[in-house]
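Written below as structure tokens is the structure these notes are about.
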Amino acid sequence: MRGDVYDGVTNYRLRDILLDYVHTTVLDAEDFGYELTTLLAAHGGAAPAMLNLLDSHDTTRILTTLKGDADKLRILLTLQMTLPGAPMIYYGDEVGLLGETDPDCRRTFPWDETQWNARVTVFTRELIALRHAYPALRHGSPEVLGFFNGVLAYRMAAEGDEAIVVVNPREAIAHLDLPLTSASTNWQQFDGGQRYSVSGGALHLPLVPACSAQVLLPG
């Protein structure tokens, strides 16, 4: 209202720390959690208005940056779709379009569907639909539940809705317990996968697979 701050910005700072955590491994989970908390605090009430991106017309395309690693892309997209802000998908990323720095990153969209990366298209659609379906992912703020080496887990809650996000861009971790205060005692991967239970005030994960991203919902 005073006109002395931006209403929102293109959130390249978030992009930087996401890549440092998932791709370059400069940041471990604890470091990333600290950087994320610091960034969200700096944005304050404007955090939901930030334009969260993984690439743009000014950068190398994200799948090229990741050297074609779709598992890492799924982790990044999961974080993008579950953290505060407005996710922006640069045209073509949803079908796995490649491209080096400008002007190569501005290639024509491939309308021939045989040229699409089907796996990337499927999980992009799934994660967008998930964000639309659950208010916690659009309006919540991350509550960090724990981190161990590369694994980061956080809870999103809003409007009586909640979800837990568990990402691991590193090696598999066995027997991870996350402290959790929730009325829900059973949780399931959003796509109908693995089920988990809460007992003794902790959510028990028998295994967190390598290079994985999970969004858990009550049920």
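Nothing in this text is a laboratory measurement; each read-out follows from the coordinates by a stated rule. These numbers come from a predicted model, not from an experiment. When we count neighbours, we look across all protein chains shown, and the Cβ atoms used for this are built from the backbone with ideal geometry, even at glycine.
Semi-axes, largest first, in whole Å: what does sqrt of 5 times each Cα gyration tensor eigenvalue give for segment 140-218?
In descending order the semi-axes read 18, 13, 12 Å.
Per-residue HN-Hα couplings for segment 206-219, Karplus 6.51 cos²θ - 1.76 cosθ + 1.60 at θ = phi - 60°, whole Hz, x for Gly and Pro?
x, 7, 10, x, 5, 6, 10, 9, 10, 10, 9, 10, x, x
With +1 on each Lys and Arg Cβ and -1 on each Asp and Glu Cβ, and nothing else charged, work out how big the dipole of the chain is about its Cα centre, in Debye to the nearest 20.
300
For a quick protection proxy, order the peptides 163-170, 37-44 by their average other-Cβ count within 10 Å, most packed first.
The peptides rank, most packed first, as 163-170, 37-44.
How long are the semi-axes of the equivalent ellipsoid of the chain, taking √(5λ) for every eigenvalue λ of the Cα gyration tensor, in whole Å from largest down? Walk me through the numbers before you get to the answer.
Details: eigenvalues 156, 92, 55 Å².
Output for the chain: semi-axes of 28, 21, 17 Å.
Can you put W187, W116, W111 in order of Cβ neighbours within 10 angstrom, beginning with the fewest?
So the residues, fewest neighbours to most, are W111, W116, W187.
Could you derive backbone 3J(HN,Hα) for segment 34-49 from the dihedral phi with the Karplus parameters 6.51, -1.76 and 1.60 (θ = phi - 60°), listing whole Hz in sequence and x where the residue is Gly or Pro?
For segment 34-49, the Karplus-derived couplings read 5, 4, 5, 4, 5, 5, 5, 5, 5, 6, x, x, 8, 3, x, 8 Hz, x marking Gly and Pro.
I'd like to know which of V144, S199, L217 lies farthest towards the positive end of the charge dipole of segment 140-218, counting +1 on Cβ of Lys and Arg and -1 on Cβ of Asp and Glu.
S199
Compute the length gained on full extension between S197 and E113: take 0.36 nm times their separation in residues and subtract their Cα-Cα distance, giving the result in nm to one decimal.
26.2 nm
If you filter segment 1-105 for chymotrypsin sites (Phe, Trp or Tyr not before Pro), then keep DSSP loop positions with at most 13 other Cβ within 10 Å, what is left?
On the way: sites: Y6, Y12, Y21, F32, Y34, Y90, Y91; in loops: Y6, Y90, Y91.
When the chymotrypsin sites (Phe, Trp or Tyr not before Pro) of segment 1-105 are filtered for loop state and at most 13 Cβ neighbours within 10 Å, Y6, Y91 remain.
Could you please rank R195, R61, placing first whichever residue has the fewest other Cβ atoms within 10 Å of its Cβ? Walk me through the intermediate numbers first.
Numbers: R195 11, R61 24.
Listing R195, R61 from fewest to most nearby Cβ atoms yields R195, R61.
How large is the charge dipole for segment 140-218, taken about the Cα centre, if only the Cβ atoms of Lys, Arg (+1) and Asp, Glu (-1) carry charge, to the nearest 20 debye?
Charge dipole of segment 140-218: 200 debye, to the nearest 20.
Over all directions, how big on average is the projection of the convex hull of the alpha-carbon atoms in segment 12-137, in square nanometres?
Average of the hull's projected areas for segment 12-137 equals 7.8 nm².
Tell me what the chain gives for mean residue ellipticity at 222 nm when only DSSP H runs of n ≥ 4 count, each as -39,500 (n - 2.57), the sum divided by the residue total, rounded to 500 deg cm²/dmol.
My calculation for the chain gives -9000 deg cm²/dmol from helical runs alone.
Can you work out ³J(HN,Hα) from phi for every residue in segment 139-145, in order, using Karplus 6.51 cos²θ - 1.76 cosθ + 1.60 and θ = phi - 60°, giving whole Hz and x for Gly and Pro?
10, x, 10, x, 10, 5, 9
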